[in-house]
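Enquirer: First the structure, then my questions, so here it is.
The values are calculated or read from the model by the stated rules, or taken from the named source; none is laboratory data. Source: prediction; values computed, not measured. Positions of Cβ are backbone-derived with ideal geometry, glycine not excepted, and every protein chain shown enters the neighbour counts.
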Amino acid sequence: MKWLVLIGLVAISEGIVIIPMTKMKTLRETVLEEITPKDFLEERSYNLSQETNLDYKFSSHPLRNFLNMAYIINITIGTPPQEFSVIIDTSSSDLWVSFIYCQAPSCSKYLRYNPKTSSSFQSDEGKHIKLTYGSGSITGVLATDTVRIGGLIAKSQTFVLSMNKLSGALEQAPYDGIMGLAYPSLAILGTTPIFDNLNKNGIISEPVFAFFISSWPHKSSLLMLGGVDHAYHKGALKWVPVTEAGLWQITVDRISMNRKVIACSGGCQAILDIGSSYLFGPTDIVRSILRSINPSPLQNEQRSISCHRTITLPPVIFTINGMDYPLTRKYYIQKVSEDICFITFNGGTENLSPPETWVLGDIFLRAYFTVFDRGNNRIGLAPAV
């Protein structure tokens with residue numbers, strides 16, 4: 001079974017694999033983009049209706065961009081706090097970090113949680129857990145401690161202490177774990193995901209979170225918890241119902257290009273996932289799209305295209321809940337070198353149900369500011385600034 005080199009879509013805990021992904025090739029060797037904002041956002045919030053000035057508890061947290069492949073946030077665990085860098089993922093619900101007793105070679109390079117130095121640590125009787133992801137699996141044990149995301153404090157938070165690290169591309173990434181933000185139905189049985197812990201205890205005033213995924217090196221990407229800063233999108237948010245309360249799944253009406261429907265002609269499902277780098281769909285449909293975009297591929301690789309030929313490419317339009325969301329070539333074409341570009345469509349979702357299901361990863365999220373509203377089971381979309 002092949003997998004996306006990133007997190008891809010996470011499988012449910014305890015080893016039940018649900019979503020295979022096609023393995024992507026490495027585009028190029030590059031340096032880690034370190035985004036360190038000079039100033040944190042003022043802690044102010046906005047009601048989702050955009051019509052009130054009530055003082056909601058709201059916070060924004062900078063995300064570090066790892067090669068446009070993963071978005072990483074700093075959290076702390078324990079008393080006194082031990083700091084960790086964790087990948088944000090909206091297709092899983094569990095939190096895990098590396099354990100001090102992890103013996104994998106990659107663990108020695110990064111931070112590992114030490115329960116002996118935390119006065120708030122609680123053991124979970126050594127319950128063994130296996131979490132399976134698109135890029136591999138981890139095994140570990142359950143523990144409970146205080147977790148902090150900036151000024152937000154989740155007391156008695158259950159998480160996994162990993163005894164190994166994910167393989168593939170992420171093995172070398174600068175991260176210590178993963179923090180899932182999907183629905184609790186995907187979490188380890190009997191545990192409460194961190195977002196639900198924050199919401200249940202009133203640490204955040206609204207059960208929403210939002211992403212601004214920056215397309216520019218000088219502007220930090222952000223995770224907003226408990227509210228929305230409307231300065232990061234243009235126009236009003238358009239709301240789309242969630243059809244699958246596990247993953248963040250919605251209905252797409254059609255996908256078109258040059259006024260021609262190229263996919264999803266009778267409607268289809270799509271999963272919004274910050275843990276996936278590109279755009280994923282059924283392999284046969286993606287191949288057809290690639291042929292129409294790139295009839296003369298470079299080196300027989302359909303996704304490789306001469307950069308000068310991309311200048312005239314039209315937008316790919318996702319029609320969702322009656323609204324058009326164009327994705328211009330700026331987003332679905334990535335530059336590999338001065339002359340070679342890469343088309344960011346990939347196959348691999350044909351085994352899902354329904355068969356035509358798409359995954360709208362970071363390529364889509366960079367174009368559209370996205371609000372995940374758990375309280376109303378809906379997703380808000382608006383063009384990012």
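Enquirer: If you scan the range 337-347, which residues turn out to be surrounded by 16 or more Cβ atoms within 10 Å (Cβ to Cβ) and in contact (Cβ under 8 Å) with a residue 40 or more places away in the chain?
Expert: Answer for the range 337-347, where residues must be surrounded by 16 or more Cβ atoms within 10 Å (Cβ to Cβ) and in contact (Cβ under 8 Å) with a residue 40 or more places away in the chain: 340, 342, 343, 344, 345, 346, 347.
Enquirer: Of all residues in the range 222-277, which are touching a residue at least 60 places away in the same chain (Cβ under 8 Å), polar (S, T, N, Q) and surrounded by fewer than 17 Cβ atoms within 10 Å (Cβ to Cβ)?
Expert: Listed by number, the list holds a single entry, 251.
Enquirer: Cβ-Cβ under 7 Å, sequence separation 6+ or interchain: first residue in the range 303-318 and of a type in the set (D, E, K, R), partner buried (at least 18 other Cβ atoms within 10 Å of the Cβ). Which pairs?
Expert: Once the first residue is of a type in the set (D, E, K, R) and sits in the range 303-318, its partners that are buried (at least 18 other Cβ atoms within 10 Å of the Cβ) give 303/290; 303/342; 303/343.
Enquirer: Taking interchain pairs and intrachain pairs at least six residues apart, which have beta carbon atoms under 9 angstrom, with the first residue in the range 51-64 and under 11 Å from residue 151 (Cβ atoms) and hydrophobic (A, V, I, L, M, F, W, C) and the second surrounded by 18 or more Cβ atoms within 10 Å (Cβ to Cβ) and modelled with pLDDT under 50?
Expert: 58/45; 58/46
Enquirer: Still on this model: For the range 184-196, enumerate the residues that are more than 12 Å from residue 159 (Cα to Cα) and buried (at least 22 other Cβ atoms within 10 Å of the Cβ).
Expert: 195
Enquirer: Here are 284, 253: which of them is of a type in the set (D, E, K, R) and closer than 12 Å to residue 345 by Cα?
Expert: 284
Enquirer: Read through the list (1) touching a residue at least 40 places away in the same chain (Cβ under 8 Å); (2) touching a Lys or Arg at 6+ places or on another chain (Cβ under 9 Å), then give the number of the only condition that residue 192 fails.
Expert: Unmet condition: (1).
Enquirer: Identify all residues within the range 349-385 that are within 28 Å of residue 284 (Cβ to Cβ), of a type outside the set (Phe, Trp, Tyr) and more than 13 Å from the chain's Cα centre (by Cα); write none if there are none.
Expert: 349, 350, 351, 352, 353, 354, 355, 356, 357, 367, 379, 381
Enquirer: May I ask you to verify whether residue 352 is at pLDDT below 95, surrounded by 17 or more Cβ atoms within 10 Å (Cβ to Cβ) and assigned by TED's automatic domain parsing to the domain that holds residue 282?
Expert: yes
Enquirer: I'm told residue 140 meets every condition in (1) in contact with a strand residue (DSSP E or B) (Cβ under 7 Å, 6 or more places away or on another chain); (2) more than 18 Å from residue 189 (Cβ to Cβ); (3) not polar (S, T, N, Q) except one. Can you identify the failing condition by its number?
Expert: The failed condition is (2).
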